[in-house]
Amino acid sequence: MADRVLKVNAFTTFDLLDARVEGHGFEEEAFATLNVRTAREDPEEISLDLELDNTQLESVPAHADRVTLSAAEARTLATELHKAADRVDANDE
């Protein structure tokens, strides 16, 4: 990705995912980086960061989206992701 906003390295959670951005009157697809971060020392929150490859987008300028979660919110998200994964696995069987 050119003009990257997020730092991507060997520790990035997902550095190449299929993604889609939608808005009023447009929808585009691009590769994306998705990362979960916490502070190394005395972490107080979890950050979920998403950046789409701006070289593949025409309607959206280079940017990254970030959601900050408490530990409880991160656990709720993890539970919902597990439930959704179980439904997909059950459908594949």
Exercise. If you check every pair at least six apart or on different chains, which have Cβ atoms under 9 Å apart with a residue in segment 2-23 that is in contact (Cβ under 8 Å) with a residue 24 or more places away in the chain first and a residue that is surrounded by fewer than 10 Cβ atoms within 10 Å (Cβ to Cβ) and assigned to a strand (DSSP E or B) second?
Worked result: Val21/Glu27
Exercise. Here are some residues: Glu41, Glu93, Glu73. Which one is at pLDDT below 95 and among the charged types (D, E, K, R)?
Worked result: Glu93
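The values are calculated or read from the model by the stated rules, or taken from the named source; none is laboratory data. Since we're looking at a predicted model, the values are computed, not measured. So basically every Cβ, Gly included, is an ideal-geometry build from the backbone, and we count neighbours across all protein chains shown.
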